[in-house]
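Q: Pasting in a structure now, in structure tokens, and then I'll have a few things to ask.
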Amino acid sequence: MTTFHELGEALGQRRKALKKTQAQVAEEAGLRQEEVSRLENARLPDFTVGKLLKVARALNLEVTVRPRETARPTLETLLAEHRAGTNTGPGDL
């Protein structure tokens, strides 16, 4: 997971798999339902790591930080390589 959107989506999917409402998760995490909603929808201007850890705990998850396996190229890089004829990736763009 590399974006806030992916994080929020994963947490929402986990919550739904556990058949919990946002309100239930919020209560267990000591937060407001609106805060859980903002996290799931990647609207995080005031969301802290502490709040993330509380939500993860309410969903019986742990947060892990690890090195990325490989750096992924950007779309701009791939298109530039394709235009230059140096893209050796699978398939055509």
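The values are calculated or read from the model by the stated rules, or taken from the named source; none is laboratory data. Every value quoted in this text rests on a predicted model; they were computed, and no experiment measured them. Virtual Cβ from ideal backbone geometry, glycine too; neighbours counted across all protein chains shown.
Q: Across region 43-87, which residue is farthest from A23 (Cα to Cα) among those that are surrounded by fewer than 10 Cβ atoms within 10 Å (Cβ to Cβ) and of a type in the set (A, V, I, L, M)?
A: So, considering only residues that are surrounded by fewer than 10 Cβ atoms within 10 Å (Cβ to Cβ) and of a type in the set (A, V, I, L, M), the one farthest from A23 (Cα to Cα) is A84.
Q: Filter region 54-76 down to the residues that are among the charged types (D, E, K, R) and within 26 Å of R14 (Cα to Cα) and list them by number. Even if it seems obvious, please write down each step before you answer.
A: Residues of region 54-76 among the charged types (D, E, K, R): 54, 57, 62, 66, 68-69, 72, 76.
Residues satisfying the conditions are K54, R57, E62, R66, R68, E69, R72.
Q: Can I ask one more? Assuming K19 fulfils every condition listed in (1) surrounded by fewer than 15 Cβ atoms within 10 Å (Cβ to Cβ); (2) modelled with pLDDT of 95 or more; (3) assigned to a helix (DSSP H, G or I) apart from one, which condition is it?
A: So K19 meets the others, but not (3).
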